[in-house]
Amino acid sequence: MKTRRVDILIFTGVCILIGVWVSGCTDLFMYRTIGERQYESAKAVQTSYRFDDIPMPSGMTLNRKESFVYETGSTKTGLLVYEGNQEMGKVTSFFKQQMPNYQWKLVSGFELHNVMLTYVKEGWCSVIFILPVEGEAKRVEVRVGPVELK
């Protein structure tokens, strides 16, 4: 009788272990490769490569390979790189005219062969570089981050 109880306990334990193993490993039976599962988890964490309060002239295309955004809670900071065939003066004028519409204040500007515009608003700083590249192409680098102004 004692052996029968031990056999039942062992059988029950094995059944519980198999149940836990199967329920914990259901993802293994979905016929997906490890790469596919990693891609799906990467898709779930998508970052918006856009700052809602920074306008961009039409015709500029985001270069995702060179852009980086870090977002957590209420903080979103990063570097966005755009490229397009625009005139340097028009792109510069666009930012000077449009940024104040989003409560950004121009605090510094430097224009020679390239352009650097520095904007601030409550708790934030944005530096915009406009750089000529080959031919008619222009590169716009937008850096945004929190700042403590005193």
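Flag: K76 matches the condition of being surrounded by 14 or more Cβ atoms within 10 Å (Cβ to Cβ), touching a residue at least 24 places away in the same chain (Cβ under 8 Å) and either among the basic types (K, R) or outside the structural domain of G135 (by TED's automatic domain parsing) (or both).
Name the single residue, out of those in the stretch 88-110 being within 25 Å of the chain's Cα centre (by Cα) and either at positive phi or among the aromatic types (F, W, Y) (or both), that is surrounded by the fewest Cβ atoms within 10 Å (Cβ to Cβ). For the stretch 88-110, the residue satisfying everything is Q103.
The values are calculated or read from the model by the stated rules, or taken from the named source; none is laboratory data. Treat the numbers as computed from the prediction; the structure is a model and nothing was measured. Neighbour counts run over all protein chains shown; Cβ positions are idealised from the backbone, glycine included.
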